[in-house]
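Structure first, commentary second.
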Amino acid sequence: MKALDVYPLITTPSLRETRDFYVRHFSATILFEASWVVVLSLEGANGGFTLAFMTPDHPSRPPGPEAFDGKGMILTVQTADCAAALRALEAAGAPIDYPLTAEPWGQRRFMTRDPAGVLIDVVEQIAPAEGFWERYAA
C-alpha cells in the first residue's frame with residue numbers, strides 16, 4: 001500500500017479552541033473544517049505535516065476513539081531557535097508546561113499543551129554534554 005497521507009486524528013470536545021491554538025501559535029493552515037472535524041497543515045523544512053481533530057460525538061467517527069485524555073502522546077516540533085519560539089508563545093498567551101531547559105543529551109526544549117491535551121515538545125538540537133552518549137554505546 002502506498003499512503004497518500006498519514007496523520008493523527010485526535011478526538012476532543014475542544015475542537016474550536018484546539019484549531020485556534022494551532023492557527024495562532026504554529027501558523028497552521030486549515031485544510032478542511034466542518035462542525036465536527038478540522039484538518040490542519042503545519043509547514044516544516046522537510047515538508048508539511050497534517051494534524052486532525054474531531055469531536056467525540058459525531059456518528060462518522062471510527063469505532064473506538066475515546067476523547068483524548070492528554071496521556072501517552074507528545075507532538076515534537078523542532079525549531080532552529082527554541083528561546084525565540086518560547087518568547088513568541090508566551091507573548092501570545094500559550095501555556096508553558098515545562099520551562100526552557102538545556103538537556104544533557106543535546107536538546108534545548110520547552111513544552112506547551114494544546115486545548116485537546118496534546119503535549120507539544122518544542123526542541124532545538126544542541127551539542128550534548130561531554131561524555132553523555134558514551135555510556136549508551138554498544
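So, of the residues in segment 1-34 that are polar (S, T, N, Q) and out of contact with any Leu (no Cβ under 8 Å at 6 or more places or on another chain), which turns out to be farthest from residue 88 (Cα to Cα)? Walk me through it before giving the result.
Looking only at segment 1-34, we keep the residues that are polar (S, T, N, Q), and these are 11-12, 14, 18, 27, 29.
Okay, now just the ones that are also out of contact with any Leu (no Cβ under 8 Å at 6 or more places or on another chain), so 11-12, 14, 18.
Details: 11: 27, 12: 26, 14: 23, 18: 18 Å.
Filtering segment 1-34 for residues that are polar (S, T, N, Q) and out of contact with any Leu (no Cβ under 8 Å at 6 or more places or on another chain), the one farthest from residue 88 (Cα to Cα) comes out as 11.
Can you find even one residue in segment 88-101 that is aromatic (Phe, Trp, Tyr) and in a loop (DSSP other than H, G, I, E, B)?
Checked against the condition, which is being aromatic (Phe, Trp, Tyr) and in a loop (DSSP other than H, G, I, E, B), segment 88-101 yields no hits at all.
For segment 89-114, enumerate the residues that are surrounded by 12 or more Cβ atoms within 10 Å (Cβ to Cβ), out of contact with any His (no Cβ under 7 Å at 6 or more places or on another chain), farther than 19 Å from residue 125 by Cβ and of a type in the set (A, V, I, L, M, F, W, C).
96 - this is the single residue of segment 89-114 that is surrounded by 12 or more Cβ atoms within 10 Å (Cβ to Cβ), out of contact with any His (no Cβ under 7 Å at 6 or more places or on another chain), farther than 19 Å from residue 125 by Cβ and of a type in the set (A, V, I, L, M, F, W, C).
Does segment 50-72 include one or more residues that are farther than 21 Å from residue 16 by Cα and hydrophobic (A, V, I, L, M, F, W, C)?
So far as segment 50-72 goes, no, none of its residues is farther than 21 Å from residue 16 by Cα and hydrophobic (A, V, I, L, M, F, W, C).
Starting from residues that are of a type outside the set (D, E, K, R) and either touching a helix residue (DSSP H, G or I) at 6+ places or on another chain (Cβ under 9 Å) or part of a loop (DSSP other than H, G, I, E, B) (or both), keep the ones in segment 66-83 and report whichever is farthest from residue 56 (Cα to Cα).
80
Might you check whether a residue that is farther than 19 Å from residue 117 by Cα and of a type in the set (Val, Ile, Thr) occurs anywhere in segment 66-85? Lay out the reasoning, then the answer.
Here is the first cut: in segment 66-85, the ones farther than 19 Å from residue 117 by Cα are 78-85.
Filter once more, keeping what is of a type in the set (Val, Ile, Thr): 79.
Yes - at least one qualifying residue is present in segment 66-85.
Quick check on my filter: what residues within segment 115-138 are out of contact with any strand residue (DSSP E or B) (no Cβ under 7 Å at 6 or more places or on another chain), modelled with pLDDT of 90 or more, farther than 30 Å from residue 54 by Cβ and surrounded by 12 or more Cβ atoms within 10 Å (Cβ to Cβ)?
Scanning segment 115-138 gives 128, 129.
Looking at 33, 90, 43, can you tell me which residue is among the acidic types (Asp, Glu) and more than 23 Å from residue 3 (Cβ to Cβ)? Full working, then the answer.
Numbers: 33 fails: more than 23 Å from residue 3 (Cβ to Cβ); 43 fails: more than 23 Å from residue 3 (Cβ to Cβ).
90 is the lone residue from the list that is among the acidic types (Asp, Glu) and more than 23 Å from residue 3 (Cβ to Cβ).
Which one is nearest to the chain's Cα centre (by Cα), of the residues in segment 110-138 that are farther than 23 Å from residue 77 by Cβ and of a type outside the set (A, V, I, L, M, F, W, C)?
So, considering only residues that are farther than 23 Å from residue 77 by Cβ and of a type outside the set (A, V, I, L, M, F, W, C), the one nearest to the chain's Cα centre (by Cα) is 136.
So is residue 76 among the β-branched types (Val, Ile, Thr), in contact (Cβ under 8 Å) with a residue 40 or more places away in the chain, surrounded by fewer than 16 Cβ atoms within 10 Å (Cβ to Cβ) and under 20 Å from residue 43 (Cα atoms) or not? Break it down into steps so the answer makes sense when it comes.
Details: among the β-branched types (Val, Ile, Thr): yes; in contact (Cβ under 8 Å) with a residue 40 or more places away in the chain: yes; surrounded by fewer than 16 Cβ atoms within 10 Å (Cβ to Cβ): yes; under 20 Å from residue 43 (Cα atoms): yes.
Spelling it out, residue 76 is indeed among the β-branched types (Val, Ile, Thr), in contact (Cβ under 8 Å) with a residue 40 or more places away in the chain, surrounded by fewer than 16 Cβ atoms within 10 Å (Cβ to Cβ) and under 20 Å from residue 43 (Cα atoms).
The values are calculated or read from the model by the stated rules, or taken from the named source; none is laboratory data. In this text the structure is predicted, and so the values were computed from the model without any measurement. We place every Cβ from the backbone using ideal geometry, glycine too, and count neighbours over all the protein chains shown.
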